Amino acid sequence: MKRKPIGWLSKGRSVVLMGLDYAGKTTLVDQWTKGVIEKTTTTIGLDIEHVEIRGEKFNMIDLGGQQPFRITIWKTYAQMAQGVIFVFDITDKLRVQEAVEWFWKVVEWLREDAPIIFCANKIDLRDKKKESAMSLEEIINNFNLEKFSQDKYVQHSFRIFEISAKTGENVEESMEWLFGKVIGSKEKSKIKGVLIYSSEKKSTILEIPFVDEVKDFSKQKNIAEIIDYNSKLLNKSQSTMQYYEQDDMDVYVFAQGGFLCIIITEKEAEYNSVRITGQSILNVVSVLDSEGELKIDQLKWVIKESFGA
Ligand code: G3D
Ligand code: MG
């Protein structure tokens with residue numbers, strides 16, 4: 001009997017929550033998920049909260065703060081994200097330019113069909129802080145939000161909501177919109193297994209089979225040959241991608257920074273999703289590697305939790 005392969009990316013999806021510090025990200029999540037949330041902080045310093053919405057598992061990743069050394073990881077998460085929640089404090093007129101730059105940087109990283117929600121937060125302060133609170137029109141102009149009607153960005157579903165994370169005004173409506181979009185989208189990537197090989201250690205450092213039929217795939221002759229061939233090509237400064245067709249599966253090999261990431265998929269896997277996944281995994285691997293010893297358990301955790309395996 002042929003086993004049904006597990007759709008790697010479809011098991012848990014990631015939604016990225018972003019905005020400057022003090023925008024109200026944590027308050028928003030707390031307000032919306034009162035009592036439902038299970039909060040965890042990862043060993044690599046990202047805030048990831050696991051939420052279940054209409055039976056679907058989501059990882060909400062809080063990209064806050066201003067740590068430049070996290071840029072690679074932020075980029076990785078943004079590339080993987082199936083949806084984005086951007087939170088802006090409408091009374092933060094002084095830092096609006098900083099928020100605008102951050103917003104567009106992340107939009108450029110996203111997959112082109114990821115829905116984006118712009119939460120203009122703290123509207124309960126409109127009356128109290130008349131001078132510093134920005135109107136909707138000012139926000140749209142400052143952030144150039146009309147760009148979402150242009151060709152380059154038109155693939156993104158985009159909406160602005162004026163909310164108060166504190167009082168709860170429009171919180172439910174806005175989150176329903178975003179998660180409705182994310183749940184509605186179909187994830188086509190069907191990954192059967194992931195293998196990471198280190199040129200320095202000259203060995204496989206991580207192998208996660210998601211289906212029995214690819215167990216011990218580093219020992220399979222064809223895969224061993226592929227590893228052997230690609231490891232000879234490994235060059236620290238270059239990143240490459242190779243593609244092999246096997247009987248009932250496809251093999252993608254990504255090389256970067258002395259590591260190989262091999263992804264085995266079903267035949268009909270969507271190329272773009274696999275490409276983003278492979279590059280994302282290698283980005284995380286190289287960041288963890290450069291921050292010290294690469295711990296296999298940690299890496300496994302990052303791959304499983306963050307990419308929803
Ligand atoms: P962050 O996670 O984006 O860094 P927080 O932001 O959620 O920690 O919120 C930062 C501050 O803004 C908090 O104030 C929080 O209570 C406040 N805040 C968040 N959303 C709203 C809102 O809609 N209205 C008002 N009036 N305040 C809000 P404190 O003082 O608790 O640090
Ligand atoms: Mg916070």
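Restrict the check to region 142-161 and report whether at least one residue is of a type in the set (Asp, Glu) and surrounded by 13 or more Cβ atoms within 10 Å (Cβ to Cβ).
No; the residues of region 142-161 include none that is of a type in the set (Asp, Glu) and surrounded by 13 or more Cβ atoms within 10 Å (Cβ to Cβ).
Give me a count of the residues in region 91-129 that are farther than 30 Å from Ile73 by Cβ and at pLDDT below 95.
Residues that pass the stated criteria total 4.
Only one of these is surrounded by fewer than 16 Cβ atoms within 10 Å (Cβ to Cβ) and either assigned by TED's automatic domain parsing to the domain that holds Val284 or farther than 30 Å from Glu112 by Cα (or both): Ser203, Ser198. Name it.
Just a single option satisfies the conditions, and that option is Ser203.
Can you name every residue in region 219-228 that is touching a residue at least 12 places away in the same chain (Cβ under 8 Å) and under 20 Å from Lys190 (Cβ atoms)?
Asn222, Ile223, Ile226, listed by residue number.
Within the set of pairs 6 or more residues apart or between chains, which connect a residue that is on the phi < 0 side of the Ramachandran plot and within 16 Å of ligand 2 (Cβ to nearest atom) inside region 5-21 to a residue that is aromatic (Phe, Trp, Tyr) and modelled with pLDDT under 80 with Cβ atoms less than 6 Å apart?
Val15/Phe58
Just to verify a result, which residue in region 263-292, among those that are modelled with pLDDT of 75 or more and among the charged types (D, E, K, R), is nearest to Tyr243 (Cα to Cα)?
Only one residue tops the list, namely Arg275.
Scan (1) away from ligand 1 (no atom under 12 Å from the Cβ); (2) modelled with pLDDT of 80 or more for the single condition Pro68 breaks and write down its number.
Here Pro68 clears every test but (2).
The values are calculated or read from the model by the stated rules, or taken from the named source; none is laboratory data. Just so we're clear, the structure is a prediction, and the values are computed from it rather than from any experiment. When we count neighbours, we look across all protein chains shown, and the Cβ atoms used for this are built from the backbone with ideal geometry, even at glycine.
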